[in-house]
1. Once the other residues with Cβ under 15 Å from the Cβ of A:N193 are scored (Lys, Arg +1; Asp, Glu -1), what is the net sum?
2. Classify region A:69-182: rounded, prolate or oblate, from the alpha-carbon gyration tensor (a ≥ b ≥ c, eigenvalue square roots; a/c under 1.5 rounded; otherwise prolate if a/b is larger than b/c)?
3. Chymotrypsin sites (Phe, Trp or Tyr not before Pro) within region B:136-202: which are DSSP loop residues with at most 13 other Cβ atoms inside 10 Å?
4. With label points built 7 Å along Cα→Cβ from the Cα atoms of B:N102 and A:D162, find their separation and express it in nm.
5. Could you please rank B:D163, B:D51, placing first whichever residue has the fewest other Cβ atoms within 10 Å of its Cβ?
6. Take B:V49, A:V169 and order them by how many other Cβ atoms sit within 10 Å, fewest up front.
7. Any chance you could check the Cα centroid distance between region A:177-208 and region A:87-110 for me, in angstrom?
8. Between A:D99 and B:V49, how many nm apart are label points set 7 Å from Cα along the C-beta direction?
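Where a number appears in this text, it was derived from the coordinates with a stated rule and is not lab data. Values in this document were obtained by computation on a predicted structure and should not be read as measured data. Positions of Cβ are backbone-derived with ideal geometry, glycine not excepted, and every protein chain shown enters the neighbour counts.
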Amino acid sequence: MAIISNAVTMADAGAFSASLGSMTLIKTLTASNSATLSFVHGSGGVVLDNTYPIYKFEFINIHPSGSGSEFQVGFRDGSTAYDATNTTTIWYAYNFENDAGTAFEYNTSEDNAQVAGFAKITGAAQIGTDNDESGSGEMFLFNPSSTTFVKHFISNVNYVSDDGDTHFVTNHVGGYCNVTAAIDAVQFKLDTNNIASGVIKLYGIKDS
Amino acid sequence: MGVISNGTTLLDAGAIDSGVPTGAMTLIKTLTASGSSTLSFVHGASSVVLDGTYKQYLFKFINIHPASASKFEFNFTIDSGNNYNVTKTSTTFGVFHTEADNSASLAYKTAHDLAQGTGNQILSVHGDVGTANDMSFCGTLRLFDPANTTFVKHFMATSNFVDNGPTSMNPFVAGYGNTTSAINGVRFAMGSGAIASGQIKLYGIK
């Protein structure tokens with residue numbers, strides 16, 4: 001912005017620039033019975049390169065179209081497939097609404113060991129399908145454009161499961177894409193069924 | 001600031017700032033390792049702000065790569081970096097899974113917690129950060145209200161790293177600096193050897 005009075009420039013463009021904060025919303029995708037939701041660098045206004053050293057995805061009320069669904073993430077490392085090899089850890093804690101059971105444990109049946117495919121970011125039980133049931137959480141992806149290091153990611157998703165009695169689950173996943181190629185796209189989906197509704201937001205955390 | 005032209009106030013003081021969303025997360029300082037024995041953020045030094053300006057501070061670790069396999073650690077100072085020896089009590093647990101799929105666990109790590117200890121707090125619980133060219137440590141550390149002179153100083157850290165296994169490690173560290181003095185600096189280092197490369201960014205959360 002410039003302020004000019006009687007042809008005299010009193011303030012040049014940029015003189016009033018203010019810090020706009022370090023977390024920038026890049027893209028919001030809203031599910032509507034969607035098989036997948038994909039964030040592809042250079043497509044639909046998505047930025048997923050070295051513009052930011054850290055990216056954050058937020059999941060808001062991911063609601064499956066049918067029962068038995070687990071939420072997953074896949075990473076693209078050069079081809080069109082979301083098949084970047086990854087190794088993950090996955091653990092959870094849960095508590096039943098009827099207080100019938102609790103758990104705090106590693107989930108060996110849901111982790112990945114050098115899998116060229118999707119990684120589960122929920123998994124202790126399936127996300128519920130009652131109208132008020134959903135999953136919400138976040139995932140950080142570190143330095144996806146690095147061509148030196150593996151690509152670390154950390155996620156935490158809370159959800160309501162109606163797998164058996166209704167219960168709350170907090171699910172934690174850590175891992176890395178064991179590739180030195182840049183990750184230029186991330187795709188989310190349910191292992192079965194569609195994402196009936198829900199929002200995923202992609203933020204960039206600024207470098208400077 | 002006000003902008004006045006021919007006696008007419010065009011903009012009042014604060015008019016521009018009030019209309020521009022400034023965000024809730026502000027990058028304060030980036031430190032880049034290059035064979036560095038330590039990386040330190042001290043209030044008032046090199047433009048670092050670590051006082052009552054923000055109620056929460058967030059450190060981000062981006063591809064911390066050690067010169068030799070070692071643990072990634074931190075400590076606090078209350079005397080502007082003269083001593084890094086704040087008393088701390090913490091919990092440390094972590095999850096790991098080998099690439100070979102022959103071992104996986106979620107476990108508390110008693111050897112890495114502190115009970116009124118003044119030494120460094122280990123962040124890479126359960127293992128050493130690996131040294132292969134593509135191995136590194138990434139994560140976050142939150143420090144709450146470090147300038148408070150009434151309460152202890154809480155911190156929470158989550159990260160992911162690769163050890164030489166190779167194994168994916170996902171540690172969780174939480175605790176508090178058991179001091180009512182203001183914390184005015186944080187220092188990061190490897191347990192032994194230097195930080196060959198990597199960045200640490202300090203943000204203030206409004």
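1. Here the count lands on -4.
2. Because a/c hits 1.5 or more and a/b exceeds b/c, region A:69-182 counts as prolate.
3. Passing sites in region B:136-202 are B:F151.
4. The modelled label-to-label distance comes out at 4.5 nm.
5. B:D51, B:D163
6. Lowest to highest Cβ neighbour count: B:V49, A:V169.
7. Between the Cα centre of region A:177-208 and that of region A:87-110, the gap is 23 Å.
8. Distance between label points: 4.7 nm.
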